[in-house]
Amino acid sequence: MPAAVDVVHRSVLQHCGGKGVDEGLVADPRRCAWSPSMAACPSGALREDCLAPTQVHAIDRLMTSPTNSRGDVIYRYSYLP
C-alpha cells in the first residue's frame, strides 16, 4: 500500500473507528468528521507518516462535491460530512 494511502487509512481509523475495538472498520461513517488536515505533517516537516500540504489539498478536492460552472453543487456524496 502506498505510504499516503496507509497514512489516510490509519488516521481515519484512529478518528472514526470503534473505540476500544481494533476491527479495522469505521464505526459510523455518518458521524465521522475526519478531514485530511488531521493527517497533515507539522508545518515544514515532510515525512512518510503524515501528509504533505499538496496531498492534503488533493484529498480535500476529492472529498468536495462536484459543482457546475456556476459553482452550484451537482450532487452531494452521502458518505461525506
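Observations on the structure shown:
- Pairs where the first residue, in the range 53-71, is surrounded by 12 or more Cβ atoms within 10 Å (Cβ to Cβ) and the second is at pLDDT below 90 and assigned to a loop (DSSP other than H, G, I, E, B), C-beta under 7 Å, 6+ apart: M63/L80
- For the range 40-78, the set of residues classified as in contact with a Phe, Trp or Tyr (Cβ under 8 Å, 6 or more places away or on another chain) and outside any helix (DSSP H, G or I) consists of S65, P66, listed by residue number.
- Number of positions in the range 24-34 that are under 14 Å from the mean Cα position of the chain (by Cα) and either touching a residue at least 60 places away in the same chain (Cβ under 8 Å) or assigned to a loop (DSSP other than H, G, I, E, B) (or both): 3
- Qualifying positions in the range 1-23 - assigned to a loop (DSSP other than H, G, I, E, B) and either surrounded by 10 or more Cβ atoms within 10 Å (Cβ to Cβ) or under 14 Å from the mean Cα position of the chain (by Cα) (or both): G18
- Residue check for S37: on the phi < 0 side of the Ramachandran plot, in contact (Cβ under 8 Å) with a residue 24 or more places away in the chain and in a helix (DSSP H, G or I): no
The values are calculated or read from the model by the stated rules, or taken from the named source; none is laboratory data. Not measured: the values here are computed from a predicted model. Note: ideal-geometry Cβ built from the backbone for every residue, glycine included; neighbour counts use all protein chains shown.
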